[in-house]
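One structure is given here, and the rest of the page talks about it.
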Amino acid sequence: MLETVITEREERKETLKMEAEQERLKMEAERERLKMEIELEKLRKTSDGSKHPKHVKPSCYNMTKIVPSFDPMNGDITLFLSLFERRAKRAQIYTKDWVCGLLMLLPSDIVELIARES
């Protein structure tokens, strides 16, 4: 009898601890979302000078964050290139900057081969 009461209390305690952790994670995610919204709003606002343009196109350096690097052993180059093109268009990166972004995502031996052929 005493053991079951102790077990039930421990289970309740563990359940409460898990619920508190889930609530903490939820609040943390909400805080991060709000931070991102604030940053996005700052970028969208029209400033008084030309320091901060209303809409800034992302650079090719952002491609390393949105497209995974190409793995020549396990990857299909055709699939990688079409994925790269779609994500570059979605990120609104200028087409003249695509080469820069693509070279950063390819392995060095492929980049060297391209450089030799050019």
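A short reminder: the numbers here are calculations on the coordinates, not readings from a lab. Because the structure is predicted, anything quoted here is derived from the model rather than measured. Reconstructed Cβ throughout: ideal geometry from the backbone, glycine too, with neighbour counts over all protein chains shown.
The local environment of ASP109, defined by Cβ-Cβ distances under 15 Å, has a net charge of -2 under the rule Lys, Arg +1 and Asp, Glu -1. Scalar couplings 3J(HN,Hα) for region 107-118, obtained by applying the Karplus form with A = 6.51, B = -1.76, C = 1.60 to θ = phi - 60°, are x, 4, 5, 6, 5, 5, 4, 5, 5, 5, 6, 6 Hz; x denotes Gly and Pro.
Candidates THR4, LEU25, TRP98 compared by Cα position along the dipole of the chain: farthest toward the positive end lies TRP98, with charges placed on Cβ. In terms of other Cβ atoms within 10 Å, MET63, MET104 run from fewest to most in the order MET104, MET63.
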